[in-house]
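K.L.:
Shown below is the structure under consideration.
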Amino acid sequence: MTPTATPLTLVVLISGSGTNLQALIHSIDAGRLAARIVAVISDRPSAGGLDRARRAGIAAEVIDHRDYGDRESFDAVLARCIDGHAPELVLLAGFMRILTERFVARYEGRMLNIHPSLLPDYRGLQTHQRALAAGEPYHGSSVHYVTADLDAGPVVAQARVPVHADDDPERLKARVQQAEHQLYPLVVDWIARGRLAWREGQAWLDDAPLEQPRIFDNEQLGAAF
Ligand code: GRF
């Protein structure tokens, strides 16, 4: 790995169990990701990821979406909280709120999401059920820059996993999550090391515009990381 002088600072937004957050924490601790998580923010007080953050000594904050009458006011408070930590990058990791255009524009090129499907297929919810119902041979997860259209920003990288004949949504989800726990830290590390950047509304990887996402199968992910 190329060393970097200062770790990339991250704020991670969550709503749930936070296994992706945990994977990021592990990767940082293991020296595979040159970053530092300066805060974790949840819109749900019950999010399991809050405990994961606290156990790792990371500031964990709750902005309860039920306390706000509309998206604009929630997003304004969220932005103030994020900016108070002055991160270089904002990561959505199972954050279940739809964000306003104004919020998304504020973090243009500085905000990534991980979505459990091979985008552009299966935007939205229930991706595992839908992929199974359609008889897909492959399913997976995508890391993309966040733009105003839900799950439609430029995709940087994808982890592809096979669908097995005896899969149910839970089994498939477990396989996808295992892959995304490697994929997300890998992509964030590309940014930390200056390999991936946002220039003039486009993702660039290794000094070339990224026309297609990098696709990894399971075994390649292990090797890449
Ligand atoms: C992940 O599968 C991610 O792709 C999706 O939400 C899930 C979050 O899981 N956006 P966790 O909270 O990280 O365990």
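K.L.:
For the ranges 183-190, 136-143, what's the packing order if you count other beta-carbon atoms within 10 Å of each residue, average per peptide, and put the highest first?
P.N.:
Result, highest mean Cβ count within 10 Å first: 183-190, 136-143.
K.L.:
Another question, if that's okay. Which value results when the Cα radius of gyration for region 143-225 is divided by 2.2 N^0.38 Å?
P.N.:
1.19
K.L.:
Right, another one. Residue 189: net charge of surrounding residues, Cβ under 10 Å, Lys/Arg +1, Asp/Glu -1, itself excluded?
P.N.:
+3
K.L.:
Moving on to the next point. Specify the inter-centroid distance of region 38-100 and region 189-205, based on alpha-carbon positions, in whole Å.
P.N.:
Computed from Cα coordinates, the inter-centre distance equals 24 Å.
K.L.:
If the elastic network links every pair of Cα atoms under 10 Å, which of 205, 91, 33 fluctuates the most in the Gaussian network model of the chain?
P.N.:
Ranking 205, 91, 33 by mean-square fluctuation puts 205 first.
K.L.:
Rounded if a/c is under 1.5, else prolate if a/b is larger than b/c, else oblate: which is the chain, with a ≥ b ≥ c the root eigenvalues of its Cα gyration tensor?
P.N.:
rounded
Just so you know, all these numbers are worked out from the coordinates, no wet-lab data involved. All values derive from a computational prediction rather than experimental measurement. Ideal geometry is used to build each Cβ from the backbone, glycine not excepted, and the neighbour counts take in all protein chains shown.
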